[in-house]
Amino acid sequence: MREFLRAEQLDPRNPAIHYGLGKAYWARDRLEDAEEHLKRALEIFPGHHDSRMTLSALLIRSGRFEEAIHESDILIDDATYPTPWRALANRGWAQLQVGQVAQARDSLEEALEFSPDFWPATLSLAILEAQAGHALEAVGLYEELLSLSPGPSAESEVNYRLAELYISLGKQRRALSHLTASVARQPEGPWAKKSEAYLKLLR
């Protein structure tokens, strides 16, 4: 942070510096400051893809989903943006949050057409299918996601969500197995705590 602030004084119109400051402020949970610098980077250079992508994610984090959709659209429509599946995944998640289920499914499926192994899109699509009442489709997507080994945090979440689905399908033994796996993958994480609470209810 100190070095980025010093660099800003020396070169205040460098978008990469404002992007770095935006990321640094977000890491400190200072979202207003992060947004200010990301937008400043885009004022200087509207084609700064990393700043716009990070801004769309920050807007999702802040619950400003319509704005996130707008920023994602700009990236999706930019032929020079090298990883459109990331913007499509962000747009799909934001669309789901505002009730645009069909559009969200289209965005997420398109993201996976570009990059089948991009697990955040698979996770969002699985959540969409679960919310739509398509339990078996959601289970298949979650199982596929686990095969991608997305990391302890995501795997803990997916195991919890699988447990919820297996309970709804009347398969308590499988649900218990996934709750135990959720705790094991990231014992101190938020999904592990939810899994531990669920385990107490089921046992």
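The values are calculated or read from the model by the stated rules, or taken from the named source; none is laboratory data. Treat the numbers as computed from the prediction; the structure is a model and nothing was measured. Every residue, glycine among them, receives a Cβ derived from its backbone with ideal geometry; neighbour counts consider all protein chains shown. Note: accessible area is taken over every heavy atom of the protein model, side chains too, but ligands, DNA and RNA are not part of it. Shrake-Rupley method; radii C 1.70, N 1.55, O 1.52, S 1.80 Å.
Brief remarks on what is shown
- Rounded to the nearest 500, the 222 nm mean residue ellipticity of the chain from helices alone is -25000 deg cm²/dmol, with -39,500 (n - 2.57) taken per DSSP H run of at least 4 residues.
- Between Thr83 and any residue 5 or more places off or on another chain, the built amide H atoms are never under 5 Å apart.
- If you model segment 99-185 as an ellipsoid using its alpha carbon gyration tensor, with each semi-axis the square root of five times an eigenvalue, the axes come out at 22, 16, 9 Å, biggest first.
- Each of the peptides 7-13, 103-109, 165-171 was scored by the mean count of other Cβ atoms within 10 Å over its residues; in descending order, highest first, they stand as 103-109, 165-171, 7-13.
- An ellipsoid equivalent to segment 50-165, defined through the eigenvalues of its Cα gyration tensor, has semi-axes of 23, 15, 13 Å when rounded to whole angstrom and sorted largest first.
- Taking all protein chains together and a 1.4 Å probe, the residues Met53, Met1 rank Met1, Met53 from largest to smallest accessible area.
- Cut-off 19 Å, label 7 Å out along Cα→Cβ of Glu188, residues of segment 139-177 by amide N: 151-157
- Approximate shape of segment 1-112 as ellipsoid semi-axes (Cα gyration tensor, √5λ), whole Å, largest first: 27, 15, 9
- Accessible area (Å², 1.4 Å probe, nearest 10) - Thr83: 30 Å²
- Label-point separation in nm, Glu196 to Glu144, each point 7 Å along Cα→Cβ: 3.4 nm
- Stokes-Einstein D in µm²/s, Kirkwood radius over Cα pairs - the chain at 4 °C with 1.567 mPa s viscosity: 71 µm²/s
- According to the Kirkwood relation over distinct C-alpha pairs, the hydrodynamic radius of segment 80-128 is 10.2 Å.
- Computed across segment 128-178, the Kirkwood radius stands at 10.9 Å (inverse of mean 1/r, all Cα pairs).
- Placing R0 at 45 angstrom, the Cβ-Cβ distance between Asp78 and His134 gives a FRET efficiency of 0.85 after rounding to 0.05.
- Computed over segment 105-153, the convex hull of the alpha-carbon atoms projects to a mean area of 3.2 nm².
- Listed by chain and number, the aspartates and glutamates whose alpha-carbon sits under 12 Å from that of Lys23, ignoring those within fewer than 8 places in the same chain, are Glu32, Asp33, Glu35, Glu36, Asp50.
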